[in-house]
Every structure is written in structure tokens, then in C-alpha cells.
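Structure record follows, encoded as C-alpha cells.
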Amino acid sequence: MFETCIAGSLPKPAWLAETQKLWPQWKSQGDELRQSKADATLLWIKAQEDAGLDIVGDGEQSRQHFVHGFLEQVEGIDFDHKVKMGIRDNRYDAMVPQVVAPLKLKGRVHAFEAQLARAHTTRKLKFTMPGPMTIVDTVADNYYGDKVKLAFAFAELLNQEALALQADGVDIIQFDEPAFNVYMKDAAEWGVKALERAAQGLTCTTAVHICYGYGIQANNDWKKTLGDEWKQYEQVFPALAKSAINQVSLECYHSHVPPHMMKLLEGKDVMVGVIDVASDEIETAEQVADTIGTALQFVAKDRLFPCTNCGLAPMSREVALAKLKALGEGAALARKRYS
Ligand code: ZN
């Protein structure tokens with residue numbers, strides 16, 4: 001009951017990359033960088049296990065950014081001529097690579113870190129990849145000329161890698177779709193279908209993470225414009241409830257998402273955000289257990305997975321470690337309270 005997990009990313013140690021940045025520069029190259037990525041992955045697996053998490057991940061230590069890390073292994077993408085583009089409906093600017101030719105995988109994308117993680121933990125292993133719609137929103141298209149076509153082209157590539165990750169022994173494959181909360185109509189119309197294409201044929205557990213973004217200033221400012229009740233999920237959850245995806249992750253603690261939105265996900269596992277990623281304040285076990293208690297009004301016990309609201313990548317290592325511990329302890333307390 002209440003199997004704990006994180007949304008995906010964790011801070012990179014200072015010896016691996018610049019700290020507290022969304023697009024950090026690596027601190028080394030070649031074999032040395034590869035070794036550093038491996039060391040950081042193992043460190044975070046141990047930290048997640050020590051915190052008592054039931055489902056662990058690689059903390060995304062081997063990728064610079066959650067979208068661009070995947071694109072680096074895609075043929076047809078020009079990384080040498082990045083352009084500035086407003087992303088998430090112009091919420092903030094990013095330097096993004098361009099699509100310049102038909103898309104094709106150069107080879108495996110995440111074999112190294114997935115196999116490494118699998119070899120070093122007996123707990124359930126979750127692996128994250130960007131969802132097709134979010135990729136489309138984080139790249140400049142100079143070739144396909146159609147968002148839906150481009151999304152399905154990416155979905156095919158994601159599917160190839162997902163099937164390979166499943167063969168590596170990954171238990172849960174999660175696609176991150178923050179764009180679902182920005183382009184709600186498109187998400188319901190074709191975003192969920194593209195997501196299902198990415199997950200096609202998978203027999204492991206499949207998941208989607210939909211959030212209000214990392215705890216960076218641009219996102220915090222945007223959240224202030226969303227009013228007292230955040231109803232974005234209302235549009236996409238019914239489509240997800242009908243989809244083949246098994247688990248859905250949503251923000252809860254310290255958000256203005258009405259908890260009754262979770263009812264729209266009946267029949268799905270719900271990863272409930274019980275840890276705020278936009279504040280360095282550490283949640284107490286009581287606060288985490290209380291959030292789980294609130295969610296229990298709308299989600300069945302065996303379908304509730306306490307999780308972080310979003311990734312912890314831009315936070316300090318110290319804060320992230322304390323938040324992992326709070327998640328583990330809060331879920332343990334909730335098991336006592338609600339079993
Ligand atoms: Zn997120």
C-alpha cells in the first residue's frame with residue numbers, strides 16, 4: 001500500500017554538472033563524464049533506497065535536460081544550430097535544437113543508465129522519457145510542418161526505446177507531458193493518442209507525469225496567474241481515463257488543484273504529488289500523511305502512489321535528500337494511519 005516514487009529527476013552532484021540549473025553544463029567529457037554519470041546514478045539509487053522509496057529511478061543523471069537528453073540520440077535533429085524559442089505557450093524562452101530531416105533513432109538512447117540501474121537495485125525501477133507532445137513543444141520544427149505528424153514521428157521513436165527499456169528489465173515506463181497542462185484541447189484531441197502510440201505494445205506498467213513544471217521562477221510566476229482553482233487536469237484526465245496508460249501523476253500538495261479532480265482518473269493508479277518542488281521547506285511526515293489522507297477521499301488505497309509534484313533537478317542536493325526522506329517517512333506514517 002502507498003508505494004512511493006519520485007516524478008523523475010534529481011539534482012546533479014557538483015562534480016558531475018553545474019548545480020541548480022535546468023540546462024547545466026557537464027563538468028567533464030568522454031570516459032570521465034560517463035563514469036561520473038554512472039557514479040551519480042548509483043549514489044541516487046542508494047539515496048532513494050535509504051529514504052525507503054519503493055520504486056526508484058536513475059534520477060536522470062545521464063541527461064542534460066529531460067527533453068533534449070532524448071533528442072541527442074535522434075537523427076534529423078540539428079544540435080549545432082539551436083534557436084531561441086518560447087516554450088510552454090511562451091511561458092519562458094529556451095535554446096532549442098531544430099528538426100531538419102526525417103527522424104530516426106541513432107541507436108539506443110538510455111541503455112547505459114537503465115542497465116546500470118537495473119543491475120544495482122532489486123526494487124521496482126521506473127524510467128522516464130519525455131512525451132511526444134512535450135517534445136514537439138521543446139524543439140523547433142523546420143521539416144514536418146505539422147505538430148501532430150511530428151508528435152507521431154517522435155512517438156514511434158519513443159516506442160522503440162521504451163520496448164528496449166522494457167527488455168532491459170525496467171518495471172515502469174513513464175512519459176513526461178507537462179505540455180498537457182498548457183495545451184489542454186490539443187492534449188485531449190491528439191496528445192493522449194500520441195502518448196498511447198509511444199506506449200504501444202508495452203507489457204510493463206506505463207505512466208504519464210503531468211505537472212505545472214519545475215520550481216523555477218517562470219513557472220512560479222505563471223502559477224500565480226492561474227487563479228484559485230487550477231482546472232487544467234479536468235480537460236485531459238477523462239481522455240487519460242479511457243486510454244491504455246496505467247498510471248497518472250499529478251500535482252497536489254501546495255497546488256491549487258482541486259483534489260476531487262483525482263476522481264476523473266477512476267480505474268487508474270494515481271501518483272499523488274505530496275512533495276512540493278517549488279519550495280525548499282521540507283515537508284513533515286505528518287504533512288505528507290495528511291495529503292495522502294486527502295487523496296484517499298478520491299483514490300482507492302491500492303491505487304494511490306505518493307510521489308513528488310515534479311522533478312527535483314534544479315534543487316540543492318541537501319534539500320532533495322531531505323525531501324526524499326520526508327516522502328518515505330510520510331508514506332510509512334500513512335500506512336499506519338490508514339491501513
Ligand atoms: Zn514535472
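Things worth noting here:
- Verdict on TRP44 being among the aromatic types (Phe, Trp, Tyr), touching a strand residue (DSSP E or B) at 6+ places or on another chain (Cβ under 9 Å) and more than 23 Å from ALA207 (Cβ to Cβ): no
- Whichever residue in region 113-164 is farther than 25 Å from GLU3 by Cβ and aromatic (Phe, Trp, Tyr) and, among such residues, is surrounded by the most Cβ atoms within 10 Å (Cβ to Cβ): PHE154
- Among the criteria (1) outside any helix (DSSP H, G or I); (2) β-branched (Val, Ile, Thr); (3) buried (at least 19 other Cβ atoms within 10 Å of the Cβ), the one THR203 does not fulfil is (3).
- Flag for VAL208 being of a type outside the set (Phe, Trp, Tyr), touching a helix residue (DSSP H, G or I) at 6+ places or on another chain (Cβ under 9 Å) and within 15 Å of the ligand (Cβ to nearest atom): yes
- Screening the candidates SER279, SER249, SER339 for the property of being away from the ligand (no atom under 16 Å from the Cβ) and hydroxyl-bearing (Ser, Thr, Tyr) yields one hit, SER339.
- Looking only at region 1-18, and only at residues there that are surrounded by fewer than 16 Cβ atoms within 10 Å (Cβ to Cβ) and more than 30 Å from ASP269 (Cα to Cα), the one that is nearest to the ligand (Cβ to nearest atom): GLU18
- Boolean, GLU229 is among the acidic types (Asp, Glu) and either out of contact with any strand residue (DSSP E or B) (no Cβ under 9 Å at 6 or more places or on another chain) or free of Cβ contacts under 8 Å to residues at least 40 places away in the same chain (or both): yes
- All positions within region 229-248 that are part of a helix (DSSP H, G or I) and more than 14 Å from MET262 (Cβ to Cβ): GLN235, ALA239
Yes/no per residue for (1) at pLDDT below 95; (2) hydrophobic (A, V, I, L, M, F, W, C); (3) surrounded by fewer than 17 Cβ atoms within 10 Å (Cβ to Cβ):
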| position | (1), (2), (3) |
| --- | --- |
| ASP186 | no, no, no |
| LYS242 | no, no, yes |
| GLN247 | no, no, no |
| CYS252 | no, yes, no |
| ASP276 | no, no, no |
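- The C-beta contact set for region 1-23 (first residue within 26 Å of VAL96 (Cβ to Cβ) and without any contact (Cβ under 8 Å) to a residue 24 or more places away in the chain, second residue in a loop (DSSP other than H, G, I, E, B) and away from the ligand (no atom under 16 Å from the Cβ), distance under 7 angstrom, 6+ apart or interchain) comprises GLU18/PRO24; GLU18/GLN25.
- Meets criteria (within 16 Å of the chain's Cα centre (by Cα) and not charged (D, E, K, R)) for VAL83: no
The values are calculated or read from the model by the stated rules, or taken from the named source; none is laboratory data. What you are looking at is a predicted structure, and each value in this text was computed from that prediction instead of being measured. Neighbour counts run over all protein chains shown; Cβ positions are idealised from the backbone, glycine included.
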